[in-house]
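What follows is a single structure, written as structure tokens, with notes after it.
We did not get these values from a lab; they are worked out from the coordinates using the rules stated. Because the structure is a prediction, the values reported are computed rather than measured. We place every Cβ from the backbone using ideal geometry, glycine too, and count neighbours over all the protein chains shown.
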Amino acid sequence: MTLLILLRIALRNLREHRSKTLIIGVLISLGITILISGNSLIDTASRGIRRTFIDNYTGDLIITGESDKVVSLFGVHGNMMSEEVPTLPEYDRIVDKLQSSPDVAEIAPQITGYALINFENQEPNFTMLFGIEPESYRRMFDSISIAQGTYLRPAEEGILMSRGKIAQIEDSTGIRLAVGDPVLLSGFGAAGFRLRELPLVGIFNFTQRSELLDQLAFVDAQSLRSLLGMTVGTREEIPIGSEEVQLLEIDDLDNLFDQNMVADSSESPESSGRLFATSEPQEVASVASAPSEAEQPSLAWHFLLVKLKDPGRLGAVMNELNQWFDVQGLEAKAIDWKKASAGFGLTADLLRIIFSAAILIVAVVTVVIIMNTLVVSVVERTTEIGTMRALGAGKSFIHKMLLLETLTITVVFGVVGIILGTALIQLLGALEIEATNMLLNALFGGPVFKPRLSIGSVFMSLGVVVLIAIVSYLYPMRVALKIQPIRAIQSE
């Protein structure tokens, strides 16, 4: 009963002070509109960037070799095309660890490189190359559809190019590539400048088209290893004799094949299998041996891409893997998809920080304006409040009355703000704003901006505005409670 009386008094007071009610109401509606639309835009950007990279490039996390520089899926930060990406150490051990983890859903190895596509009498065309193991990569990323030709088969040499890249090449060179055409690639890696010709086995479309994705081509891993001159050395003890050690120090190359140094065909069984015959005791030296071609496919990888069964476990899984690498003495590390995306993944976080700072400034200004408006309203109602006190209304009654007035304004105009914010989001979606660059494409989550209203952002925005209103009400309430009944008589 008391609540109903308070509500009737609150509504009457709000009607009698329409101008001040509208001032406060407009501020609340505007705040709700900004919060809902802003949070929806940020959520859209976060989802877009996450979907772009996790679903198409990185998975939830990647394993890479240790480096004193920042490494992403696209190379070494700052010198992506010239710096050598660290190779994963003891690849098989890391794979065994990941496969035994209950948190891991899929893994796929990858090599990253850059190359120029060369044409006769034409300027070369830049491309980014992902060297992949076709079966595991396709299981992990169902992000492309083959428009012409076929997907890479296991152990098949070839290149897959996007339809967008084919169109770019045609626009810049006038050459139209078709499935089966040879593609001449030139790359610069640890072994210097290299050329490799690969057949174009397929042309594909990304399910989520973007300029950034169009620059990407897929090749078989061994072809990219060859193009980049990738080798993986292993250190082992190899017994060599004293004469072999001396051979390494020979300055006179004319004496390199001296008859005394060549092994005789009548050597004893004990000396067979050596490069040179010698009767001297053998010394042991540590040298680096290059792996055979058969060993390289299982070793020479830049990254292991990992998808988790529960993305919410990302932090825990990363910590567990990095601790295991430390204990095992492996120069490898696990990084999340944001770092793996070369900073693009951090863009949404940066935008959210900027937006939150802007909201904080707006909130402070709004609190000051609402507080001043309420104080003026309380001062104008000195006679009314003093009369209530004279008739027996206690401080708790005045406190509840002013609080109910504030909450009523907040709820009514908050609903108006929700309607306006929802309408603004729908309008932005209907405009179908197109992304004009790669960053916007990643932020939009595609070539067209399609923001979605988040129910969570609606309730969060309403909660923030209610908090602002309550904070704004605290000081005017103190002013009102100081009004004594004698003030009503004096005013009369």
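Some values worked out for this structure:
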| quantity | calculated |
| --- | --- |
| Inter-label distance, nm, simple model (7 Å from Cα along the C-beta direction), residue 419/residue 51 | 3.0 |
| Full-extension gain in nm, residue 121 to residue 431, via 0.36 nm per residue minus C-alpha separation | 107.2 nm |
| Residue-span extension gain [residue 22 to residue 379] - 0.36 nm each, minus C-alpha spacing | 126.7 nm |
| Overall form of the stretch 26-136 per C-alpha gyration tensor (a/c, 1.5; a/b vs b/c) | oblate |
| Residue order, fewest to most surrounding Cβ atoms within 10 angstrom, among 367, 85, 479 | 479, 367, 85 |
| Of 69/333; 69/309; 307/450; 165/339; 97/309, those spanning more than 21 Å from alpha-carbon to alpha-carbon | 69/309; 307/450; 165/339 |
| Segment residue 391-residue 331, length gained on full extension (0.36 nm per residue, minus Cα span) | 13.5 nm |
| Around residue 62: net Lys/Arg minus Asp/Glu count, Cβ-Cβ under 10 Å | 0 |
| FRET efficiency, 1/(1 + (r/R0)^6) with R0 45 Å, evaluated for residue 323 and residue 167 via beta carbons | 0.45 |
| Likely footprinting exposure, 399, 302, fewest C-beta neighbours within 10 Å first | 399, 302 |
| Calculated FRET value between residue 452 and residue 368, using beta carbons and R₀ = 30 Å, to 0.05 | 0.35 |
| Counted charge near residue 26, where neighbours are those whose Cβ lies closer than 15 Å (Asp, Glu -1; Lys, Arg +1) | +2 |
